Amino acid sequence: MSRTEQNERSLIQKFAFPAAAVFLFSAFAFQLWYHATRTSVTVDEPVHILAGYRHLQCGDFGINPEHPPLLKMLAATPLIFRDGLVDPPWNCGSKLTSKFDSFSYGNSFLVDNGVDGVVIPARLASSVLSLILAILIFLAAWEMFDRWAGLVALAIAAFEPNLIAHGSIVTTDMAISTTAFGAMYAIYRCCKKQTWFRFAIAGLAVGLMLAAKHSAVIFIPVIVTLMVVGTVVFRRRPHESIRLLFTRRITPFFGIFLIGLLILWSFYGFNYRAIPDPSAPTVTVADYLKENASRPEVIDSLPARLTILIGRTHVLPESYVLGMSDVISWSSRNTFLFGKNYPTGQWFFFPVAFAVKTNVALLLLMPLALFFPFLVREKRFEVLCLLLPALVFFLVATTSNFTNSVRHILPVYPFLIVLASAGAVWLARRYAFVKAILVLLLVYNAIAGVRTAPSYLAFANDLWGGTSKTREIFSGANVDTGQNIKLVNDYIAKNDIKECWIAGFVHPEMLPHVQPCRVMPSGLRIMISRGPVDLVPPVIEGTVFISSNELPPQGADEYTPIAAGEPETLIGGGILVYRGRFEIPLAAAISHVHRSNAFLRLGDDGNAITEARRAIELFNEDPRPHLA
C-alpha cells in the first residue's frame with residue numbers, strides 16, 4: 001500500500017468514528033421528533049402537562065403529587081412563553097386537586113388551548129432528557145471500556161423502541177432512566193478520582209434523580225454500596241487504615257446526599273406546603289392514604305407507617321411525601337398476560353415484557369452482559385456499577401404488585417445496553433466472524449426500529465411475531481394508551497369514510513375533539529367523564545374503530561358481536577377496524593350506565609335513576625346496569 005493510500009485510509013478512519021456517532025445521535029433525535037409529532041396524546045400526558053403548568057404558574061404542588069416535578073416542569077416550560085392560556089376553573093394553588101379533577105381538567109386544558117399546540121412542544125421539551133441519556137450512554141461506555149463500546153451502545157440505544165416511545169412523551173419513565181443512569185455514572189467517576197467538582201456533579205445528579213420519580217429510592221442503597229465497595233475494595237491505597245479510609249475518603253461521599261436533598265427542595269421552591277395558599281385546606285399523609293388506598297390492608301402496611309413517620313419529620317416536601325403515599329396506595333393492579341387476567345402483579349410479567357418488547361440486538365447480546373464479569377477481571381468495578389443497579393431495580397420490580405407496563409423497568413435499559421455493548425466489542429476483537437455478526441445484528445436492529453415507526457409504544461420484536469401480535473400478549477400501556485388517534489384520522493381520510501364509530505382508550509373530554517367518529521362506551525369513560533355522555537343505539541352501521549383494551553379478554557363483553565368477525569385492519573398495533581352492521585344492545589345499555597354515573601356525579605339523582613332503568617331495559621343480563 002502506497003503512502004498516499006495509507007494517508008487516505010488514515011483520514012477515513014479518523015473521521016468515520018465521529019461521523020458514525022453523529023449519524024446515530026441524529027437518527028435517535030429524528031425518531032423522537034417523529035414519534036412526538038405523529039402520535040396522539042396518551043392517557044397520562046394531560047395531567048402531567050397541567051400539573052407542570054401549575055407548578056410553574058404559582059408553585060402549586062397539590063396537583064398530581066404522585067410524581068415529583070422534574071419532568072412535568074420541563075415539559076411545561078414552553079407554556080411560559082404563551083399568552084392567553086385558558087386555565088382550569090379554580091385559582092392556582094387554592095386547593096389540593098383531586099385525581100378526578102387532575103385527569104379530567106388536564107384533558108380540558110389541552111382541548112381549550114389546542115391539543116397539538118400544547119402537547120408537541122411539551123413532548124419535545126421532555127425529549128431533551130432522552131438526548132441527554134443517549135450522550136451519557138455513549139460517554140459512559142467509552143470511559144468505562146473504549147470508544148467502540150460507546151459507538152455500539154449508541155447504535156443499540158438509537159433504535160431501541162422503548163427508549164424512543166417513552167422518551168418522546170410526557171411521562172416520568174425516561175426522566176428516572178436518565179437521572180438514575182447519570183447518578184450512577186457520576187458516582188463511578190467520583191470513585192475513580194475524588195474532586196470537589198465531581199462531588200458537586202454527583203450531588204446534582206442524585207438530586208435530579210430524586211426529583212424525577214419516587215422509585216429513585218430503590219437506587220439509594222445501590223449508590224451507597226457502590227461508594228463503599230468502590231473505595232474500600234477497588235481504590236484503597238496500600239497501608240491505608242480502615243478508619244482513615246472512612247474519615248477521609250468515604251465520609252465525604254455523604255455530602256452528595258445533602259446536595260441531592262437541597263436540589264430536591266429547590267424544585268419545590270424550598271416550601272414545605274404542597275399548595276402556596278397558607279389558608280387553603282390540606283390533608284395529612286394518613287388521610288391521603290385512606291382516601292386513595294386500593295386495598296384496606298395497605299393503610300396498616302409497614303411502608304405506609306414509615307411514610308406517615310417521614311411526613312411528620314418535615315425532612316421532605318409535603319407534596320413529595322404525599323406522592324410516596326400515593327405510590328403505596330396504588331401499589332397493586334391487575335395484570336393481563338397471554339390472554340389471562342390476574343388480580344394482582346405477577347413475578348414473571350417483567351421478564352416476559354423485556355423478552356417481548358426489547359429490540360433484538362440488546363436481547364441477543366444480553367448473555368454477553370451477564371458473562372462479561374467472568375471474562376474480563378480488570379473491569380470488575382465497571383461491571384458492578386452497571387450490573388448491580390439493573391439487577392436490583394429489576395428484582396424489586398418483579399416482586400411488586402404493580403406489573404403493568406415495560407416502561408416501569410425502563411431504568412434497567414441504559415445499564416444493560418452499555419454492558420452488552422462492552423461484551424460484544426470484547427468478543428468481536430477476538431473473533432472476526434463475531435465482528436461480522438455484530439454489524440449485521442446492528443443493521444437488522446436499526447431496520448426493525450425504523451419499520452416500527454411510529455408505533456413504538458406497541459412494539460414487539462420479530463421473535464414474538466412483531467407489533468401486530470403485541471395485543472395478544474399484553475394490554476394497556478404495552479399496546480394502546482391513546483396514541484393511535486392520528487393514525488385513525490389518516491385512515492378515515494384515506495378511505496373517505498363518512499359514517500364511523502369509535503371505542504378508544506382516550507379520555508372522554510378529549511376523544512370527541514380529536515377525531516370525527518361517534519363515540520361509544522369505553523373503560524375510561526365511566527371513570528373520568530365530568531358530564532353526560534352520548535348515547536349509543538342498539539344497532540349501528542359503518543366503520544367501527546375499537547381499542548384492543550376494550551375487547552375480551554382485556555375488556556368487557558359489549559363489543560363481542562363486533563369482534564366475532566374478522567377485522568379489516570389493525571392500526572398502530574392497538575386499534576382494530578371493522579365494517580358492517582352490528583347489533584350491540586349491551587354497548588347501548590352501558591352508554592346509559594355511563595350517563596347514569598355522570599348524572600349521579602352531578603347530583604341529579606332523578607335522571608341517574610331513569611338512565612339506569614333504561615340500561616336494564618336494553619340488557620338485563622349484565623350486572624352493570626343493575627349496579628347503576
Tabulated pairs, region 197-222, first of a type in the set (S, T, N, Q), second modelled with pLDDT of 95 or more, C-beta under 8 angstrom, 6+ apart or interchain: Ser215/Ile176; Ser215/Phe393; Ser215/Pro411
Give the number of residues within region 437-484 that are buried (at least 18 other Cβ atoms within 10 Å of the Cβ), more than 18 Å from the chain's Cα centre (by Cα) and not in a helix (DSSP H, G or I). 1
Given the conditions (1) modelled with pLDDT under 85; (2) in a helix (DSSP H, G or I); (3) small (Gly, Ala, Ser), which single one is not true for Gly345? (2)
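Taking Arg38, is it basic (Lys, Arg), modelled with pLDDT of 95 or more and in contact with a Cys (Cβ under 8 Å, 6 or more places away or on another chain)?
It is false that Arg38 is basic (Lys, Arg), modelled with pLDDT of 95 or more and in contact with a Cys (Cβ under 8 Å, 6 or more places away or on another chain).
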Would you check which residues across region 153-200 are touching a His at 6+ places or on another chain (Cβ under 7 Å) and either within 16 Å of Val418 (Cα to Cα) or in a helix (DSSP H, G or I) (or both) and list them? Ile164, Ala165, Asp173, Met174
Among the residues of region 267-313, what is the count of those that are open to solvent by 80 Å² or more (accessible area, probe 1.4 Å) and either at pLDDT below 90 or β-branched (Val, Ile, Thr) (or both)? 13
Search region 70-127 for residues being among the β-branched types (Val, Ile, Thr), within 12 Å of Ile49 (Cβ to Cβ) and open to solvent by less than 20 Å² (accessible area, probe 1.4 Å), and hand back the single one that is nearest to the chain's Cα centre (by Cα). Val119
Given the condition open to solvent by 30 Å² or more (accessible area, probe 1.4 Å), assigned to a helix (DSSP H, G or I), over 21 Å from Asp462 (Cβ atoms) and free of Cβ contacts under 8 Å to residues at least 40 places away in the same chain, answer yes or no: does some residue in region 406-422 qualify? no
Can Phe350 be described as of a type in the set (Phe, Trp, Tyr) and in contact with a Ser or Thr (Cβ under 8 Å, 6 or more places away or on another chain)? yes
Is it the case that Gly182 is free of Cβ contacts under 8 Å to residues at least 24 places away in the same chain and under 24 Å from the mean Cα position of the chain (by Cα)? no
What's the number of the condition Phe219 fails, among (1) more than 30 Å from Asp326 (Cβ to Cβ); (2) among the aromatic types (Phe, Trp, Tyr); (3) open to solvent by less than 20 Å² (accessible area, probe 1.4 Å)? (1)
Take region 557-577 and flag every residue that is open to solvent by less than 10 Å² (accessible area, probe 1.4 Å) and free of Cβ contacts under 8 Å to residues at least 24 places away in the same chain. Ile562
Residue match in region 36-48 (condition: under 30 Å from Leu602 (Cβ atoms) and open to solvent by 20 Å² or more (accessible area, probe 1.4 Å)): yes
Return the total of residues in region 585-617 being touching a residue at least 60 places away in the same chain (Cβ under 8 Å) and either aliphatic (A, V, I, L, M) or surrounded by 19 or more Cβ atoms within 10 Å (Cβ to Cβ) (or both). 10
In region 355-382, which residues are surrounded by 22 or more Cβ atoms within 10 Å (Cβ to Cβ) and closer than 23 Å to Ile187 by Cα? Ala369, Phe372, Glu382
Look through Leu395, Leu364 and report the one residue that is more than 22 Å from Leu139 (Cα to Cα), part of a helix (DSSP H, G or I), without any contact (Cβ under 8 Å) to a residue 40 or more places away in the chain and not acidic (Asp, Glu). Leu395
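Have a look at Val544, Val536 and point out the one that is open to solvent by less than 10 Å² (accessible area, probe 1.4 Å) and not in a loop (DSSP other than H, G, I, E, B). Even if it seems obvious, please write down each step before you answer.
Working: Val536 fails: not in a loop (DSSP other than H, G, I, E, B).
None of the others qualify; the one that does is Val544.
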Could you list, in sequence order, the residues of region 492-510 that are part of a helix (DSSP H, G or I) and free of Cβ contacts under 8 Å to residues at least 24 places away in the same chain? Ala493, Lys494
If a residue must be in contact with a Leu (Cβ under 7 Å, 6 or more places away or on another chain) and either open to solvent by 10 Å² or more (accessible area, probe 1.4 Å) or in a helix (DSSP H, G or I) (or both), how many such residues does region 201-211 contain? 3
For region 316-323, check the following and say yes or no: at least one residue is acidic (Asp, Glu) and without any contact (Cβ under 8 Å) to a residue 24 or more places away in the chain. no
Here the residues within region 529-555 that are of a type in the set (Gly, Ala, Ser) and in contact with a helix residue (DSSP H, G or I) (Cβ under 8 Å, 6 or more places away or on another chain) are Ser529, Gly531, Ser548, Gly555
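When you scan region 133-152, do you find a residue that is under 16 Å from the mean Cα position of the chain (by Cα), under 27 Å from Val22 (Cα atoms) and part of a helix (DSSP H, G or I), even just one?
Yes, region 133-152 contains at least one residue that is under 16 Å from the mean Cα position of the chain (by Cα), under 27 Å from Val22 (Cα atoms) and part of a helix (DSSP H, G or I).
The values are calculated or read from the model by the stated rules, or taken from the named source; none is laboratory data. Quantities reported herein were computed from a predicted structural model and do not represent experimental measurements. With ideal geometry, Cβ positions are generated from the backbone for all residues, glycine too; neighbour counts draw on all protein chains shown. Heads up: the accessible areas ignore ligands, DNA and RNA and are worked out on the full protein's heavy atoms, side chains in. Shrake-Rupley method; radii C 1.70, N 1.55, O 1.52, S 1.80 Å.
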